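Working notes for the structure below.
The values are calculated or read from the model by the stated rules, or taken from the named source; none is laboratory data. Note that the coordinates shown come from a computational prediction; the quantities given were computed from them, not determined experimentally. Positions of Cβ are backbone-derived with ideal geometry, glycine not excepted, and every protein chain shown enters the neighbour counts. Areas reflect the complete protein model, heavy atoms only, side chains present, ligands, DNA and RNA absent. Shrake-Rupley method; radii C 1.70, N 1.55, O 1.52, S 1.80 Å.
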Amino acid sequence: MDWRIKASLQKILSISRIGDKLNHIPATLHKNYHHNVVKYQFHECIRKFSYTQIDTNQKCKALEIGTGYSMISPVILYLLGFDKIITVDIDGDVSFKTFEKQVKFLNDKNSIDQISDHGSYPKEVVQEKLNTIVNCKSLDEVLEFCNIKYIAPYTLSDIENEESNFDYIYSQVVFEHIPPEFLVALFKKFKIWLKEGSYTVHTINFIDHYTNPGIFEDKKISEFNFLRFSDRYWKFWSGNSIAYTNRLSYLYYEELFESNALDIIDFIGENYRPTKVLDITQIHNDVIKKYRSKPDLNELTRYQRGTFIVKR
């Protein structure tokens, strides 16, 4: 299906206050949706935390950028031993009904063993805490018990009003949806918010989301198809709250970390799906000029996804 069909539907949905929720409904129709969400969130949360050397036996605070529709990752951080977790998003999409359906999949021996192995609590304490969470009667009760602060919508000032020193800041496939000007402001805050010796870990998806699997997937285009267009053309089709992606590669984020004196410990680039090569001569100049220095165009299509492990 041509990507412009999905783009048109998302433009229409974005007009509505509940457009984002309506756009999300098709994904929830899969019978294993909630199980898959927990499996994915658990894997990514543990994976990213394992790249750090944070000792949660000491008082530690974490910030998640981009809560999404699930509160599973902040709960895992609590079970790992973080004393306070702030999670923020532009929309308040988390519901207790969804949380109830998801948290039960966290309550299994393998998950508890891994959390205990990586965190500061013995298995029996993790189980006890998880039992309490599973039996909570409201989302507010969950947040209070885990000392999680959920801010949605949020501003940078909202975060600072709640907390301004973090041991760990992370995100999962969120940065590609943030405009460059806000990324610049956010990274400047990272430099201020992160304690000396603390970590920030982020997984970023660099591909055109109209190639994502589903009934609206455009199988004819390259996963870097969106690099072909001017800013004006791309904004017309995808410059809305549902469909927005900034079209930036790993090079842009490298520049941001380095310009804010944040030490990139590692970058793990991935290509997780078959590639349809995009001729680099098709990359529009509006994309190229987003970088401080002219990039190697081959690098703009080198990775489909990547994880930055960064230390203050």
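Summary table below
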read-out: Theoretical FRET efficiency, 1/(1+(r/R0)^6), r = Cβ-Cβ of S259 and M1, R0 41 Å, to 0.05; value: 0.55
read-out: Stokes-Einstein D in µm²/s, Kirkwood radius over Cα pairs - the range 219-312 at 10 °C with 1.306 mPa s viscosity; value: 109
read-out: Neighbour-limited loop hits for chymotrypsin sites (Phe, Trp or Tyr not before Pro), the range 243-289 (at most 11 other Cβ within 10 Å; DSSP other than H, G, I, E, B); value: Y272
read-out: Selection from Y272, P180, I207, by position along the positive dipole direction of the range 180-312 (Cβ); value: P180
read-out: Lysine pairs in the range 178-312 with Cα atoms under 17 Å, if 8 or more residues apart or on separate chains; value: 8
read-out: Rounded to the nearest 10 Å², the accessible area of H43 at probe 1.4 Å; value: 100
read-out: Alpha-carbon Debye profile of the chain, log10 I(q)/I(0) at 0.15 Å⁻¹; value: -1.32
read-out: Within straight-line cross-link reach of K31, aspartates and glutamates at Cα separation under 19 Å, skipping those fewer than 8 residues along the same chain; value: E100
read-out: Accessible area in the full protein assembly, largest first, 1.4 Å probe, for R247, R17; value: R17, R247
read-out: J(HN,Hα) series, the range 241-253, from Karplus relation 6.51 cos²θ - 1.76 cosθ + 1.60, nearest Hz, glycine and proline x; value: 5, 8, 9, 4, 9, 8, 6, 9, 8, 4, 4, 5, 6
read-out: Anisotropy class of the range 237-276 from Cα gyration tensor, a/c 1.5 cut; value: oblate
read-out: Local electrostatic count at K149 - Lys and Arg +1, Asp and Glu -1, tallied over other residues with Cβ under 9 Å; value: -1
read-out: Values of log10 I(q)/I(0), in the order q = 0.15, 0.20 Å⁻¹, for the range 1-138 under a Debye, Cα-only, solvent-free model; value: -0.80, -1.23
read-out: Most mobile listed residue (F166, F206, F187) in the chain, GNM with C-alpha springs under 10 Å; value: F187
read-out: Rounded to the nearest 10 Å², the accessible area of E270 at probe 1.4 Å; value: 50
read-out: Nonlocal amide H pairs with F82, under 5 Å, H built at 1.01 Å; value: none
read-out: Most positive-pole-ward Cα, T281, S171, Y250, against dipole of the chain from beta carbon charges; value: T281
read-out: Cα centre as origin, Lys/Arg/Asp/Glu Cβ charges: the range 1-97 dipole, Debye; value: 200
read-out: Interchain or long-range residues, amide H under 5 Å from I178's placed H; value: N246
